[in-house]
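These notes concern the structure reproduced below.
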Amino acid sequence: MTHLRHRMPFGAEVDTDGGVRFRLWAPAAEQVDLEFDDPSGKPHRAPMSHIGDGCHELRTDAAGAGSRYRFLISGPLARGAPPVPDPASRFQPDGVHAASEVIDPLAFDWRDGDWRGRDWEGAVIYELHLGCFSPPGTFAGAAERLEHLADLGVTAVELMPVAAFPGSRNWGYDGVLPFAPHAGYGRPEDMKTLVQTAHGLGLMVLLDVVYNHFGPEGNYLHLYAPQFFTERHQTPWGAGIDFDGPHSAMVRDYFVQNALYWLTEYRLDGLRLDAVHAIADDSERHILTEIAEAVQAGPGRERRIHLVLENDGNQARYLARRADGRPRWYDAQWNDDFHHAAHVLLTGERDGYYADYAKRPAARLARCLAEGFGYQGEPSAFRGGAPRGEPSVQLPPTAFVSLLQNHDQIGNRALGERLASLAAPRALRAATAVLLLAPSPPLLFMGQELGTRRPFLFFCDFGEDLAESVTEGRRREFAHFERFADPAARETIPDPNDPGTFDRSRLDWTELEDEVHRDWLRLHRDLLALRRREIVPRLAGTGGDAASYGPVGDAGLWVHWRLGDGSELTLLANLGDTELDAPEPARADPANPLHLEPAGAAAALENGRLPPWTAAWHLRPARDRDDG
């Protein structure tokens, strides 16, 4: 058995003798008092001492694990304010406005001491929302479904954010207490049990974390630490988090410690950092670099830890590799360019950011498969002609997570439609074969493997005043779309605060009783088994500049990779509804078939034709190339 704790420089830390040290950074407070209950439930109130640099501290033997506590702030910004929770709270049993609970992480017995993680080359990621994934919508409910994911061929479960948020339901990106798992999902030990169960099945667990903003309800930092924010930097959510001002040392450490906390106390295998393009930091050493280096020097020394970015800026610099091929900072980035190009091909949609992919989408997709980013410094019309991205051809394909669906690309649609509702089945099957056999790590969004048509909608549970503005704002957001130009049409957009919107977004596991959904499951399982057997063992050592590519007509493409073991992988695809002339036979190498979707396209390919919605994969092992 193993007992794990990340000792933090703030928050509530249980000492070896059972007492508790409380510490709060409150530079704008004149005085801070601690209100807490002792183990018997008796209430106490005690003043905290100033210990310098804006920190207030109290150590007491009257509190212990399980004690509830809050801070009472005295100061010009907090007059009349109620007691506030700990911004580094490990648990909020009654929600983000109520008291925090002292947690002793050493009380949990870890029984997966041999677990050292998995290599990134074998990553197959499954993104899920805990509230919607299982019928109970909890950590325990998700743990009961992990065998399904392991049997599917998934190797990494990615949890959408679990940090405590207001209300009972939320995507998680409105979290305000980033160290506390949402109580509606269960207690900290329930989340740890989920991770431990996953490791027992050979599954990594990644967590989505949000370091670019705090949610609009339940954030009390402005009452005692307004230095957390700065008007010098503006974000879509208002004033930016101050990562580069005169008081930024504590702010930076707050987020560095958060990353180390999740990876250490919860034995997570990695983090996905949300929307880092919205993190403004003019420091000489960017906070993203500091976080990555702290992880490498900490838990990354003992086991394989993987860090992934979402970055609309396509900044390849954070994905740089060392001389031995290992990531210098971050393993990979979600490749939105792959999604956008594929979505245009599958649906024909051209609205919004899809306009940047309307011309030659197949060529864009081929570039993503071969070089990573589709935009590597070219002007983006959607962004007013501003250049977007950095060259990425020098990076290996494992630096880019490819996807056809995720929470954003489904849930940010007005009606939350999935591709199973937007694209023809044969089109989606062909695109699935492209996604799951390409060298880049693929990501599936929960239910994708079932071909579910259930929507995934934007939902939340804010207080009354904020709820109304969110509902109206959501409907205004789509006013510029022709489909919702009429106010009456906008009224059909589901209300995010309606509990029914959340209920409609939950997976229906009875779909497994239907043959159509079982067929989708077989397709994903078979392709992932083929990937595991034939592709993954050849990926190690695959570097940048490893691929060539080109278009085939308007909707077709070919890509040719030289993999790490010297073998050659070729894709020939038609992601359109018109038959095309196939390119030179050498591009498709019929002597080494790997997979053909659909199987009935074989005869046409032999005659130099590429039928609609076809994906033909060929693999030439290194020994065949050497002998030839």
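Throughout, read-outs are computed from the coordinates displayed, never taken from laboratory work. The model shown is predicted, which means the values in this text are computed figures rather than measured ones. Note that we place each Cβ from the backbone using ideal geometry, even for glycine, and neighbour counts take in every protein chain shown.
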What full-extension length gain, to one decimal in nm, is calculated for A599 and A297 as 0.36 nm per residue of separation minus the Cα-Cα distance? 103.8 nm
Restricting to DSSP H runs of at least four residues, report the calculated mean residue ellipticity at 222 nm for the chain, -39500 (n - 2.57) per run over all residues, nearest 500 deg cm²/dmol. -7000 deg cm²/dmol
Cα convex hull of the range 543-627, projected area averaged across orientations, nm²: 5.5
Find the eigenvalues of the gyration tensor of the Cα atoms of the range 11-107, then list the square roots of 5 times those eigenvalues as equivalent ellipsoid semi-axes, largest first, in whole angstrom. 21, 15, 12
Roughly how many debye, to the nearest 20, is the charge dipole of the range 11-107 about its Cα centre, given +1 on each Lys and Arg Cβ, -1 on each Asp and Glu Cβ, and no other charges? 260
Residue span E482 to H277: 0.36 nm per residue of separation minus Cα-Cα distance leaves a gain in nm of 70.9 nm
Which angle from 0 to 90°, rounded to the nearest 10, does the C-alpha axis of helix 248-265 make with the longest principal axis of the chain? 70
Taking only the alpha carbons of the range 94-253, the radius of gyration and the largest Cα-Cα distance, Dmax, both in angstrom, are 17.6, 51
Rough spin-label spacing in nm, given labels placed 7 Å along Cα→Cβ, for R285 and A381: 4.4
Between D545 and R59, Cβ-based FRET efficiency (R0 45 Å, step 0.05) works out to 0.20
Using packing as a proxy for protection, rank 492-498, 189-195 so that the peptide with the highest average count of other Cβ atoms within 10 Å comes first. 189-195, 492-498
Would you please give the FRET efficiency between R522 and E579, computed as 1/(1 + (r/R0)^6) with r the Cβ-Cβ distance and R0 = 35 Å, to the nearest 0.05? 0.85
Prolate/oblate/rounded label for the range 326-455 (Cα gyration tensor, a/c 1.5): oblate
Modelled label-to-label distance, R145 and A489, 7 Å Cα→beta-carbon offset: nm? 3.3
Under the rule of at least 5 residues apart or a separate chain, name every residue whose amide H is placed under 5 Å from the amide H of Q31. S74
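What relative contact order, as a whole-number percentage, does the chain give when Cα pairs under 8 Å and 6 or more residues apart are counted?
11
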Could you tell me the relative contact order of the range 543-627? Use alpha-carbon pairs under 8 Å, at least six residues apart, and round to a whole percent. 31
Looks like the range 245-328, by Cα gyration tensor root eigenvalues a ≥ b ≥ c and the a/c under 1.5 rounded cutoff (else prolate when a/b is bigger than b/c, oblate otherwise), is oblate
If E584, E511, E371 are placed from fewest to most neighbouring beta carbons inside 10 Å, the sequence is E584, E511, E371
What share of Cα pairs, in percent, lie more than 49 angstrom apart in the chain? 14
Can you put R145, R538, R232 in order, fewest other beta carbons within 10 Å first? R232, R145, R538
Ordered by number, the trypsin sites (Lys or Arg not before Pro) in the range 423-495 that occupy a DSSP loop and have at most 16 other Cβ atoms within 10 Å are R453
What list of whole percents do you get for P(r) of the range 107-188, with Cα-Cα distances grouped in 5 Å bins up to the one holding the largest distance? 3, 13, 20, 22, 20, 16, 6, 1
If packing is taken as the average count of other Cβ atoms within 10 Å, what order do 164-171, 14-21 fall into, highest mean first? 164-171, 14-21
How much length, in nm to one decimal, is gained on full extension between A424 and D15, taken as 0.36 nm per residue of separation minus their Cα-Cα distance? 141.2 nm
Roughly speaking, what is the centre-to-centre gap between the range 492-532 and the range 323-340 when only Cα atoms are used, to the nearest Å? 28
